[in-house]
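All remarks here apply to the structure that follows.
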Amino acid sequence: MNVETFKYDNRIVRAFAIATVFWGLIGFSAGLLAACQLFWPGLNLDLPFTTFGRIRPLHTNAVIFAFVGNGMFCGIYYSLQRLCKARMYSDFLSWLNFWGWQAVIVAAAITLPLGLTTSKEYAELEWPIDIAIAVVWVAFTINMLGTILRRRERHMYVAIWFYIATAVTVAVLHIFNSLELPAGWFKSYSIYAGVQDALVQWWYGHNAVAFFLTTPYLGLMYYFLPKAANRPVFSYRLSIIHFWALIFIYIWAGPHHLLYTALPDWAQSLGMVFSLMLIAPSWGGTLNGLLTLRGAWDRVRQDPMLKFMVVAVTAYGMATLEGPTLSIKSVNSLSHYTDWTIAHVHTGALGWNGFLTFSMLYWLFPRLYNTKLWSTKLANYHFWIALLGMMFYVVPMYASGVTQGLMWKQFNQDGFLQYPNFVETVLQIVPMYRLRAIGGTLYILGAVLMAYNLWRTARSGQFQPEQEAQAAPLTRGPVAVSGAEPYRGHRWLEAKPVLFTVLALLAILVGGLVEVIPMYLIKENVPTIASVKPYTPLEVLGRDIYIREGCVSCHSQMVRPFRSETERYGEYSKAGEYIFDHPFLWGSKRTGPDLHRVGGKYPDAWHYNHMDDPVSTSPGSIMPRYPWLLTRKLDTSSLPARIRALRKLGVPYPPGYENGPAQQDLEKQAQRVVFGLQAGMVNAEPDREIIALIAYLQRLGKDIQAAAPATATTPQPDSPAESIASK
């Protein structure tokens with residue numbers, strides 16, 4: 001038999017492995033800073049670059065795209081070569097992938113603290129960086145598919161299925177969610193508006209979790225777990241069911257992030273139903289991973305790498321059971337906007353992604369450097385410290401989340417809100433935030449121990465830049481599949497990577513098309529309200545300042561149809577109110593109160609003083625100060641470009657409005673705000689950023705204050721007891 005000799009490329013694997021460790025420490029540290037800012041507001045430093053609203057998206061991007069992203073590429077570049085028995089298709093594309101990805105991360109680390117953001121969760125980066133991400137991802141996809149086409153193994157192992165689904169789905173998600181119209185080099189507006197933007201964003205946001213944080217890591221699980229355990233995957237049949245059911249169902253579940261919002265009920269119900277269906281394939285994968293270890297539990301006790309892997313797979317199972325549970329409407333009515341969601345997310349991030357990455361790195365470094373792990377004892381210390389840290393993180397957040405949800409909904413015996421002041425709930429959960437910070441500190445300490453252990457491992461060995469291997473070339477021709485072989489149809493498909501990729505693409509497109517297209521073709525899904533008008537020029541700039549400062553990280557703009565919310569905030573939110581919102585700003589967490597009805601609730605001077613020193617107006621507030629807004633001049637030079645961009649997106653500004661009239665209207669409204677401040681004994685210049693922000697906040701919710709539309713439904717009671725109280 002003709003045997004070919006070739007070499008695996010370990011340089012690219014090492015590069016991504018080192019980047020994973022480095023960015024992991026950066027991302028974890030940013031998260032710890034953000035966690036501490038929530039009980040120690042002084043850590044915001046009264047600087048625009050270090051406020052919670054800017055640090056939080058920096059943390060999420062660093063952990064998701066820098067830590068997990070580099071870990072994903074590291075594992076794929078190592079395993080794919082060995083599964084295909086082929087070197088990567090192109091060394092140039094490999095390094096373009098590496099350096100391009102690091103450049104994107106650095107760009108994010110610079111732009112997000114500067115306030116250059118779209119505000120869309122997990123998609124905050126502005127349009128030039130979005131284009132760079134697309135280029136880098138195309139390079140990775142071509143390199144991966146080229147390697148698969150040049151493979152020396154006819155059948156594709158299960159891990160490769162998940163890699164393919166990741167490549168094609170992330171491309172689709174990123175491109176469609178990032179469609180935006182530039183209004184300058186680092187400012188753009190989403191082409192979608194309001195409810196439509198919300199649906200597309202959470203179609204992306206949920207499936208970014210699914211196809212960036214889950215499917216590639218499932219592929220890594222299917223490769224590294226059997227390798228470490230020295231046992232075959234428990235069930236090939238379960239692998240097939242797990243893969244196809246997961247990628248088909250996952251894409252439908254995005255609307256469960258928008259339950260009880262202005263999203264049409266049919267879309268909410270679809271999201272809930274498919275989320276519940278996700279339990280089956282997700283737990284199929286969990287069981288397939290854990291049962292692969294049958295008979296190998298002695299090795300688990302001795303091998304820290306397997307310890308990390310077991311906890312990772314268990315955390316995946318817990319998170320994928322809890323996620324569908326939180327998508328049940330009755331549960332979501334309590335959990336949404338609370339720290340319960342934060343606990344859920346970090347069960348997956350710290351447990352599934354973090355522990356599986358640690359496991360993979362402990363397995364890779366000794367093999368890359370042809371040596372043994374420097375200290376098994378230190379790796380075991382890392383395991384127990386990180387596990388304890390994770391518990392200290394998620395358990396207080398569960399307690400905090402349930403506390404928030406119950407306090408927000410609590411009525412007294414007279415039928416009034418028990419805790420009408422939002423800050424009362426904040427004060428109750430501050431101790432939980434302190435415990436969370438302890439957990440984060442422990443988790444980082446474990447990561448530091450790992451970094452030291454891996455460094456010593458590398459120093460004790462000799463790096464193998466290329467590993468020589470031999471394999472017979474792939475013979476072309478009909479695929480020979482035994483008639484007695486189970487699932488021979490799928491075995492035949494595994495030998496057809498192009499067809500496999502096309503079918504995977506079709507599987508993920510169905511759900512997205514069914515949910516998104518009706519939102520554009522059926523006008524009844526977004527009923528208009530005649531009294532809703534476009535934002536004025538001053539309000540446009542104020543809204544952009546609101547976005548720049550990351551206010552959406554802590555404040556929602558979506559009053560849900562519960563009596564507890566309408567009593568607290570006012571009339572619940574309608575789809576037609578958001579038709580000029582590019583992007584939508586519904587938010588996903590309430591660290592502060594909802595703001596959709598804040599317009600006219602307080603005088604202008606209250607907002608001025610609140611931004612200068614939140615404690616002066618809200619004793620006990622953990623909100624940072626924004627003193628620069630009071631002194632920084634409002635930049636109106638970009639106003640014409642922003643008005644033009646919004647008009648192109650359908651906002652009905654008159655032709656030529658930006659060429660003079662817009663500036664005049666801005667100055668007139670700014671002067672009215674100044675007069676309003678003077679009535680509150682505050683003197684301010686009309687050309688300051690605070691004036692624009694106040695104008696925007698005072699506008700929120702005022703378009704429909706006169707009367708609610710006839711199509712409005714009755715706010716729902718939060719509980720049977722509340723229903724009685726309402727009578």
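The values are calculated or read from the model by the stated rules, or taken from the named source; none is laboratory data. Since this is a predicted model, take the numbers as computed values, not measurements. Heads up, the Cβs are rebuilt from the backbone with ideal geometry, glycines too, and the neighbour counts pull from every protein chain shown.
Within the range 677-708, how many residues are more than 15 Å from LEU630 (Cβ to Cβ), surrounded by 14 or more Cβ atoms within 10 Å (Cβ to Cβ) and either more than 37 Å from the chain's Cα centre (by Cα) or outside the structural domain of ILE643 (by TED's automatic domain parsing) (or both)?
Here the count works out to 0.
For the range 578-677, give me every one of the helices (runs of 4 or more DSSP H) that falls completely inside it and has 2 or more residues that are in contact with an Asp or Glu (Cβ under 9 Å, 6 or more places away or on another chain).
Here the list reads 628-631, 639-648.
State whether the residues of the range 598-612 include one that is out of contact with any strand residue (DSSP E or B) (no Cβ under 9 Å at 6 or more places or on another chain), crowded, with 22+ Cβ neighbours inside 10 Å and charged (D, E, K, R).
yes
Assess whether LEU125 counts as being out of contact with any His (no Cβ under 8 Å at 6 or more places or on another chain) and either of a type in the set (Lys, Arg) or outside any helix (DSSP H, G or I) (or both).
Here the answer is yes, as LEU125 does meet what is asked.
Name the pairs whose Cβ atoms lie under 6 Å apart, with the first residue in the range 143-162 and closer than 17 Å to LEU218 by Cα, the second of a type in the set (D, E, K, R) and crowded, with 18+ Cβ neighbours inside 10 Å, and 6 or more positions between them or separate chains?
Taking only residues 6 or more apart or on different chains, the pairs are MET156/GLU494.
Scanning for something of a type in the set (D, E, K, R), within 18 Å of TYR696 (Cβ to Cβ) and at pLDDT 95 or above, does the range 581-591 turn up at least one residue?
Yes, the range 581-591 has at least one match.
Hey, could you check the range 160-208 for residues that are aromatic (Phe, Trp, Tyr) and not in a helix (DSSP H, G or I) and say which is nearest to LEU503 (Cα to Cα)?
Restricting to residues being aromatic (Phe, Trp, Tyr) and not in a helix (DSSP H, G or I), the top hit is TYR192.
Before we move on, is SER119 of a type in the set (Gly, Ala, Ser) and touching a strand residue (DSSP E or B) at 6+ places or on another chain (Cβ under 8 Å)?
So SER119 fails the test.
Quick check on my filter: what residues within the range 529-574 are over 24 Å from ALA662 (Cβ atoms), without any contact (Cβ under 8 Å) to a residue 60 or more places away in the chain and over 26 Å from the mean Cα position of the chain (by Cα)?
TYR569
List every residue pair whose Cβ atoms sit under 7 Å apart, with the two residues 6 or more apart in sequence or on different chains, where the first one lies in the range 44-57 and is not assigned by TED's automatic domain parsing to the domain that holds ASP612 and the second, anywhere, is of a type in the set (Val, Ile, Thr) and surrounded by fewer than 24 Cβ atoms within 10 Å (Cβ to Cβ).
ASN44/THR50
Would you confirm whether any residue within the range 517-528 is under 30 Å from VAL3 (Cβ atoms), in a loop (DSSP other than H, G, I, E, B) and over 28 Å from the mean Cα position of the chain (by Cα)?
No, the conditions are met nowhere in the range 517-528.
In the range 415-441, what count of residues is obtained for those that are among the small types (Gly, Ala, Ser) and touching an Asp or Glu at 6+ places or on another chain (Cβ under 9 Å)?
Selection size over the range 415-441: 1.
Which residue out of TYR337, TYR316, TYR362 is in contact with a Lys or Arg (Cβ under 8 Å, 6 or more places away or on another chain), modelled with pLDDT of 95 or more, assigned by TED's automatic domain parsing to the domain that holds TRP252 and crowded, with 20+ Cβ neighbours inside 10 Å?
Being in contact with a Lys or Arg (Cβ under 8 Å, 6 or more places away or on another chain), modelled with pLDDT of 95 or more, assigned by TED's automatic domain parsing to the domain that holds TRP252 and crowded, with 20+ Cβ neighbours inside 10 Å holds for just one of TYR337, TYR316, TYR362, which is TYR337.
Tell me which helices (runs of 4 or more DSSP H) are completely within the range 260-326 and hold 1 or more residues being under 17 Å from LEU213 (Cβ atoms) and out of contact with any Ser or Thr (no Cβ under 8 Å at 6 or more places or on another chain), or say none if there are none.
The helices (runs of 4 or more DSSP H) meeting that bar are 279-291, 304-326.
Is there any pair with a first residue in the range 405-427 that is touching a residue at least 24 places away in the same chain (Cβ under 8 Å) and a second that is among the acidic types (Asp, Glu) and assigned to a helix (DSSP H, G or I) whose Cβ atoms are under 7 Å apart and which are 6 or more apart or on different chains, and what are they?
Cβ pairs passing all conditions: PHE411/GLU722; LEU417/GLU567.
Can you name the number of the only condition in (1) more than 30 Å from VAL423 (Cβ to Cβ); (2) not assigned by TED's automatic domain parsing to the domain that holds THR141 that GLY511 fails?
(2)
Of all residues in the range 61-105 being assigned to a helix (DSSP H, G or I) and of a type in the set (S, T, N, Q), which is surrounded by the fewest Cβ atoms within 10 Å (Cβ to Cβ)?
Checked the range 61-105; the qualifying residue surrounded by the fewest Cβ atoms within 10 Å (Cβ to Cβ) is GLN102.
What about SER178, is it surrounded by 16 or more Cβ atoms within 10 Å (Cβ to Cβ), touching a strand residue (DSSP E or B) at 6+ places or on another chain (Cβ under 6 Å) and either without any contact (Cβ under 8 Å) to a residue 40 or more places away in the chain or not assigned by TED's automatic domain parsing to the domain that holds LEU649 (or both)?
No, not satisfied.
Filter the range 144-165 down to residues that are at pLDDT below 95 and closer than 23 Å to HIS257 by Cβ, then give me how many there are.
0
Against the condition modelled with pLDDT of 95 or more and touching a Leu at 6+ places or on another chain (Cβ under 7 Å), how does GLY446 come out, does it pass?
no
On the basis of being closer than 30 Å to LEU306 by Cβ and not in a helix (DSSP H, G or I), does PHE211 make the cut?
When the stated conditions are applied, PHE211 does not pass them.
With under 30 Å from the mean Cα position of the chain (by Cα) and without any contact (Cβ under 8 Å) to a residue 24 or more places away in the chain as the only criterion, which of HIS596, HIS610, HIS582 stands out?
HIS610
Can you tell me how many residues within the range 9-26 are buried (at least 21 other Cβ atoms within 10 Å of the Cβ) and either among the hydroxyl-bearing types (Ser, Thr, Tyr) or under 16 Å from ASN370 (Cα atoms) (or both)?
Adding up the residues that qualify gives 5.
Go through the range 494-511 residue by residue and tally those that are small (Gly, Ala, Ser) and more than 15 Å from ALA245 (Cα to Cα).
1
What about TYR337, is it of a type in the set (Phe, Trp, Tyr) and within 30 Å of VAL430 (Cβ to Cβ)?
yes
Answer yes if at least one residue in the range 166-185 is under 17 Å from ASP130 (Cα atoms), modelled with pLDDT under 95, in contact with an Asp or Glu (Cβ under 6 Å, 6 or more places away or on another chain) and among the aromatic types (Phe, Trp, Tyr), and no otherwise.
No, the range 166-185 has no match at all.
Just for the range 407-427: of the residues that are surrounded by 15 or more Cβ atoms within 10 Å (Cβ to Cβ) and under 30 Å from the mean Cα position of the chain (by Cα), which one is farthest from ASN332 (Cα to Cα)?
In this case the residue turns out to be VAL423.
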